[in-house]
1. Given the convex hull over the Cα atoms of segment 322-442, what projected area results after averaging over all orientations, in nm²?
2. Summing Lys, Arg as +1 and Asp, Glu as -1, what charge do residues with Cβ under 13 Å from the Cβ of Phe163 carry, Phe163 excluded?
3. Any idea of the accessible area per residue across the chain, 1.4 Å probe, to the nearest Å²?
4. Of Met148, Met387, which has the most accessible area and how do the rest follow, probe 1.4 Å?
5. How far apart, in nm, are two points set 7 Å out from the Cα along the Cα-to-Cβ line at Ala11 and at Leu410?
6. So what's the angle, to the nearest 10 degrees on a 0 to 90 scale, between helix 20-53 and the longest Cα principal axis of the chain?
7. At 0.36 nm per residue, and after removing the present C-alpha to C-alpha distance, how many nm does the segment from Val436 to Phe108 gain when stretched out fully?
8. With every protein chain left in place and a probe of 1.4 Å, what is the accessible surface of Thr101, to the nearest 10 Å²?
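The values are calculated or read from the model by the stated rules, or taken from the named source; none is laboratory data. All figures in this text were calculated on a predicted structure; none of them were measured in a lab. So basically every Cβ, Gly included, is an ideal-geometry build from the backbone, and we count neighbours across all protein chains shown. Quick note on the areas: whole protein, heavy atoms, side chains included, nothing else; ligands and nucleic acids left out. Shrake-Rupley method; radii C 1.70, N 1.55, O 1.52, S 1.80 Å.
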Amino acid sequence: MPTARSVDVQAFLNEHPFSRYQWLVFALCFFIVLLDGFDTAAIGYIAPSLTTEWGIARPALAPVLSAALFGLAFGALSAGPLADRFGRKVILIGSVLVIGTACLASAFSGNLDQLVMLRFVTGLGLGAAMPNAVTLMSEYCPEGRRAMVTNAMFCGFPLGAAFGGFLAAWMIPLWGWRSVLVLGGIAPLVLAAVLLVLLPESVRYMVAHNHPVERIRAVLRRISETAAGAAGFVMTEKAPATKARNGIAVVLSRGYLVGSVMLWIAYFMGLVIFYALINWMPILFKDAGLAPRDAALIAALFPLGGVGAILSGWLMDRFNANRIIAFGFVLTYGAVYAIGQVAGNVGLLVVTVFAAGTIMNTAQTSLPALAASFYPTHGRATGVAWMLGLGRFGGIGGSFLVAELARRQLDFTSIFTIVAIPGLVAALALLVKQFVHPEDRSSGTGRTVEALGH
């Protein structure tokens, strides 16, 4: 890039190859989300051990299974606006410290009430970490690869959840259920120290908040030395212009409100399915006649399928993202329904659970990238965080849904038939978003100069 007085930050990212520095940002955000997935799903894998050691009836597990989800919701709702005001980096590091400290403490819980309280605190950190990792990553991506790279990073969540299942199946027989929470606490504390040294602030955030040119230039030089001659930086947005000047006002403004609500509904319904299955599949499979270890291993295949989001991101960068994800949720309905039809055949159950996980997690993990591209920079962290935060109540609903269905003594097939229905609702919400906010990948209109760094 030739020397210029002002450099457009997004144009700079678009024109240069994805650098080692951007891959560093990717790796750090990936590990944040990986540990987020591990710590979120860990409680589901230790649940059978809790019922045995503490003599808890299955319906009584609902509070401990959902406690972190309440924390996730409140953590996301508060952390998004804070990150739009104070920056992505400080919120990320603080949230990872909360995750590690609370998860480690939960390993020493003496009763169910203590575990519920500490899982709620863990959830506060989990809820703050994920949306800011998504936002930071998206703001370091070139436009033509943003959805694919962000989705690839977000794959850390289902991989972490699946990894937790495999580790739990190995660790619990050897060292007990508390060992899973000890690992889930120590790893984030180590990561927080690494983030403090290596994690950069979002360059788009710095421009939007008029950080010193020298600081912005130093970051962009890590991507390409051609930024060395820039005397100033500007930022342009594809998102529609709005007079709202803070994150909450952007999300609730007339130009974004319908799209925001549809994103909330889609994410909510996806998490009804995800948490209903990730928390209850080990128990449901055990009740269907599988050995506890086999039940945990087969259930762990469900979140492992999230790697399909990379292909979805590639498609989203080239075609209509709303319709692609909506189609994924329609397929999710069919795949989850199919799990309930194959309980008597272990081999077919393995294949069906993995296929359902691939389809469902592909659709669900594509939503944060969709939200990140929908909002402008000064409302992006809030927009992504509020979708994730409000959507968490779907996870809470999913946990209680299966508890209620079990209380009513519905059979295996009926439970999966009901749990599949939210997939159709999520697809409909995304089609409504597309109707109200038409997305056209070929359009270059709607750009406005957002901020100038001095």
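1. Its Cα hull, projected and averaged over all orientations, spans 8.5 nm².
2. -2
3. Averaged over the residues of the chain, the accessible area is 36 Å².
4. Met148, Met387
5. Using points 7 Å along Cα→Cβ, the separation is 5.6 nm.
6. 20 degrees
7. Extra length from Val436 to Phe108 when fully extended: 113.1 nm.
8. 80 Å²
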